[in-house]
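Q: This structure is in structure tokens; I'll ask about it shortly.
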Amino acid sequence: MVSEVKTVSGRGIPLVGNDIDTDRIIPARYLKAVTFDGLGEGAFIDDRTALKGEHPFDQPQYQGANILIVNRNFGCGSSREHAPQAIAKWGIQALIGESFAEIFFGNCVAMGIPCVTADAVTVKQLQDLVATNPQATVTVNLETLQVQIGDYTSTVAIGEGTRSTFISGTWDACGQLVANADQVRATAAKLPYVGWGNLAAS
């Protein structure tokens, strides 16, 4: 099973503000959910309620957007996996920002959602371009490490190790295990501390 992520294209949605934490992304009351299904409806729900339809996730021009453009330290706070899951269920497939909280970033990687970074000036330029023309095509290219909106192109960054896992498709740890289930069973059968539980045959 190979799930390569080399480019993500679509439309952008700007979300301005530093230190947007996971409780704002998805409030704690949603953590009682047994599955992640339906979490998209709860993404930023408290902020959206307070802004009475003026939050970017509610504005009509951004419906169907799949690339979120944020500022500094996005996803800070608790380590809840529900935060990137809610964003993904809303429809986001990639994020561009000044910086991301480490655990949030790792959870996104585990889901196949690249989070690339750029300096504050570049991020503001990208947010402004999308706000001015919400229908513009935004492309995040992990091979060239560039983001393009219309005629505007800028450099973005992501750790080389993470970048290579996206490009090769090896970011999907669960998929790798499933694809190599026979090899996993064969290796388990050779391990004396696994064989006692008959796990190799399960």
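Q: At pLDDT 95 or above, part of a loop (DSSP other than H, G, I, E, B) and surrounded by 19 or more Cβ atoms within 10 Å (Cβ to Cβ): is that true of I113 in this structure? Give the derivation first.
A: On the way: at pLDDT 95 or above: yes; part of a loop (DSSP other than H, G, I, E, B): yes; surrounded by 19 or more Cβ atoms within 10 Å (Cβ to Cβ): yes.
It is true that I113 is at pLDDT 95 or above, part of a loop (DSSP other than H, G, I, E, B) and surrounded by 19 or more Cβ atoms within 10 Å (Cβ to Cβ).
Q: Quick one: would you say E41 is of a type in the set (D, E, K, R) and under 15 Å from K89 (Cα atoms)? Before the answer, list the steps.
A: Working: of a type in the set (D, E, K, R): yes; under 15 Å from K89 (Cα atoms): yes.
Spelling it out, E41 is indeed of a type in the set (D, E, K, R) and under 15 Å from K89 (Cα atoms).
Q: Here's a follow-up. Taking the condition of a type in the set (A, V, I, L, M, F, W, C) and touching a residue at least 40 places away in the same chain (Cβ under 8 Å), does V116 pass? Before you say what the answer is, go through the steps one by one.
A: Values: of a type in the set (A, V, I, L, M, F, W, C): yes; touching a residue at least 40 places away in the same chain (Cβ under 8 Å): yes.
Spelling it out, V116 is indeed of a type in the set (A, V, I, L, M, F, W, C) and touching a residue at least 40 places away in the same chain (Cβ under 8 Å).
Q: Further question on the same structure: Consider G77 against the criteria (1) touching a residue at least 60 places away in the same chain (Cβ under 8 Å); (2) in contact with a strand residue (DSSP E or B) (Cβ under 9 Å, 6 or more places away or on another chain): it satisfies all of them except one. Which criterion is unmet?
A: All conditions pass for G77, except number (1).
Q: Which of the residues spanning segment 6-23 are open to solvent by 20 Å² or more (accessible area, probe 1.4 Å) and in contact with a Gly (Cβ under 6 Å, 6 or more places away or on another chain)?
A: Listed by number, the residues that qualify are D21, D23.
Q: Ok, one more. If we keep just the residues of segment 131-147 that are more than 16 Å from L95 (Cβ to Cβ) and either aromatic (F, W, Y) or in contact (Cβ under 8 Å) with a residue 40 or more places away in the chain (or both), which is most open to solvent (accessible area, probe 1.4 Å)?
A: First, pick out the residues of segment 131-147 that are more than 16 Å from L95 (Cβ to Cβ): 131-137, 143-144.
With either aromatic (F, W, Y) or in contact (Cβ under 8 Å) with a residue 40 or more places away in the chain (or both) added as a condition, the list becomes 131, 134-137, 143.
Working: A131: 55, P134: 23, Q135: 117, A136: 17, T137: 83, E143: 93 Å².
Restricting to residues being more than 16 Å from L95 (Cβ to Cβ) and either aromatic (F, W, Y) or in contact (Cβ under 8 Å) with a residue 40 or more places away in the chain (or both), the top hit is Q135.
Q: Which condition from (1) in contact with a Leu (Cβ under 7 Å, 6 or more places away or on another chain); (2) crowded, with 18+ Cβ neighbours inside 10 Å is the one that T155 breaks?
A: Of (1) in contact with a Leu (Cβ under 7 Å, 6 or more places away or on another chain); (2) crowded, with 18+ Cβ neighbours inside 10 Å, only one is false for T155: (2).
Q: Is it fair to say G64 is assigned to a loop (DSSP other than H, G, I, E, B), modelled with pLDDT of 95 or more, surrounded by fewer than 23 Cβ atoms within 10 Å (Cβ to Cβ) and small (G, A, S)? Explain how you work it out, then say what you get.
A: On the way: assigned to a loop (DSSP other than H, G, I, E, B): yes; modelled with pLDDT of 95 or more: yes; surrounded by fewer than 23 Cβ atoms within 10 Å (Cβ to Cβ): yes; small (G, A, S): yes.
Taking the combined requirement at face value, the residue satisfies it.
Q: Which count do you get for residues in segment 67-87 that are open to solvent by less than 30 Å² (accessible area, probe 1.4 Å) and small (G, A, S)?
A: The qualifying residues number 3.
Q: Give the residue, chosen from D128, D47, D37, D58, that is part of a loop (DSSP other than H, G, I, E, B), modelled with pLDDT of 95 or more and surrounded by fewer than 20 Cβ atoms within 10 Å (Cβ to Cβ). Before the answer, list the steps.
A: Working: D128 fails: part of a loop (DSSP other than H, G, I, E, B); D47 fails: part of a loop (DSSP other than H, G, I, E, B); D37 fails: modelled with pLDDT of 95 or more.
Result: D58 is the single residue among D128, D47, D37, D58 that is part of a loop (DSSP other than H, G, I, E, B), modelled with pLDDT of 95 or more and surrounded by fewer than 20 Cβ atoms within 10 Å (Cβ to Cβ).
Q: Could you check segment 131-154 and list, in sequence order, the residues that are outside any strand (DSSP E or B) and at negative phi?
A: First, pick out the residues of segment 131-154 that are outside any strand (DSSP E or B): 131-136, 142-145, 150-151.
Listed by number, the residues that qualify are A131, T132, N133, P134, Q135, A136, L142, E143, T144, D151.
Q: Any chance segment 78-98 includes a residue that's in a loop (DSSP other than H, G, I, E, B), closer than 21 Å to Q148 by Cβ, charged (D, E, K, R) and modelled with pLDDT of 95 or more?
A: Pass one, segment 78-98, residues in a loop (DSSP other than H, G, I, E, B): 78-81, 91-93, 98.
Still in the running and closer than 21 Å to Q148 by Cβ: 91-93, 98.
If we keep only those that are charged (D, E, K, R) as well, we get 98.
Retained after the next criterion (residues that are modelled with pLDDT of 95 or more): 98.
Scanning segment 78-98 turns up at least one residue that is in a loop (DSSP other than H, G, I, E, B), closer than 21 Å to Q148 by Cβ, charged (D, E, K, R) and modelled with pLDDT of 95 or more.
The values are calculated or read from the model by the stated rules, or taken from the named source; none is laboratory data. Just so it is clear, the structure is predicted and the values come from calculations on it, not from any experiment. Every residue, glycine as well, gets a Cβ built from its backbone with ideal geometry; the counts of neighbours run over all protein chains shown. Heads up: the accessible areas ignore ligands, DNA and RNA and are worked out on the full protein's heavy atoms, side chains in. Shrake-Rupley method; radii C 1.70, N 1.55, O 1.52, S 1.80 Å.
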